[in-house]
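Student: Mind looking over this structure? Questions follow.
Every read-out reported here was derived from the displayed coordinates using simple, explicitly stated rules and does not represent laboratory data. Quick caveat: nothing in here was measured; it's all calculated off a predicted structure.
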Amino acid sequence: MARYTGPSCKLCRREGCKLFLKGDRCTSGKCAFDHRSTAPGQHGAARKKVEEYGIQLREKQKTRRYYGVLEKQFRRYFDIADKMAGMTGENLLSLLETRLDNVVYRMGMAASRKEARQLVLHGHFTLNGRKVTIPSLLLKAGDVVTVKEGSRSNEKIKALAESAGSQVVPKWLEADSSAMSVKVLNMPTREDIDFPFNEQLIVELYSK
């Protein structure tokens, strides 16, 4: 399976903002972006004139890196969103939010989306009572994600479950800490996504 294996902090520096790719480290004093926020590379600190295409490209790259999605997959989500009723950009963000790995992260059972993908791949979760190992699965209203019974004694899972109680779960999800589960109440709206995306720039980029 193709995946990015380079330094996570370099992605934040390239996009010029924190993408929160390393969990708690991103909010601590150890965050590399806080110490060096310029773009990586020999000429990263140099001022560069950015054209319209460059601005659109950076917004697309920022969005797909935030969710940990590769280019081909991201384009597929855009094509699905474009065929849905409503605003294409908002539909795109809604689809990305309902990925299984993102829902696991949102329920507080992982410190980052990267860790959530790893936990899903290792088979620690069930979807509507059935074991699932595909992080990119798109969930729908009524779906229930639960920590697998056999994984609840795992020290890592137990530690995550204890910290999950302090997490703020989005209103489109309903968490049950005692059952270590979360239910999708409805598809997320644009107001439910608090990261400052400009999805219209992505639509303009792919519409060229």
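Student: Once amide H atoms are built 1.01 Å from N in the peptide plane, which residues 5 or more positions from A175, or in another chain, come under 5 Å H to H?
Tutor: For A175, whose amide H was placed from the backbone, the distant partners under 5 Å are K183.
Student: A further question on this structure: What percent does the relative contact order of segment 137-207 come to when contacts are Cα pairs within less than 8 Å and at least six residues apart?
Tutor: Working: 56 pairs, mean separation 26.0, N = 71.
Worked out over segment 137-207, it gives 37 percent.
Student: Among the listed pairs K72/K131; K62/K114; K60/K140; K60/K208; K83/K171; K10/K156, which have their C-alpha atoms separated by more than 18 angstrom in this model? Please report the intermediate quantities before stating the final value.
Tutor: Values: K72/K131 26 Å; K62/K114 16 Å; K60/K140 24 Å; K60/K208 14 Å; K83/K171 26 Å; K10/K156 27 Å.
Pairs exceeding 18 Å: K72/K131; K60/K140; K83/K171; K10/K156.
Student: Then there is this: Convert each backbone phi in segment 72-82 into a coupling constant with the Karplus relation 6.51 cos²θ - 1.76 cosθ + 1.60 (shift: θ = phi - 60°), then list the ³J(HN,Hα) values in order as whole Hz, x for Gly and Pro.
Tutor: 3J(HN,Hα) across segment 72-82, in whole Hz: 4, 5, 4, 5, 5, 4, 5, 5, 5, 5, 5.
Student: Turning to a different aspect of this structure: Is segment 99-184 best put as rounded, prolate or oblate by its Cα gyration tensor, with a ≥ b ≥ c the root eigenvalues, rounded for a/c under 1.5, and otherwise prolate when a/b is larger than b/c, oblate when not? Could you put the intermediate results ahead of the total?
Tutor: Values: a/c = 1.29, a/b = 1.06, b/c = 1.21.
In terms of gyration-tensor shape, rounded.
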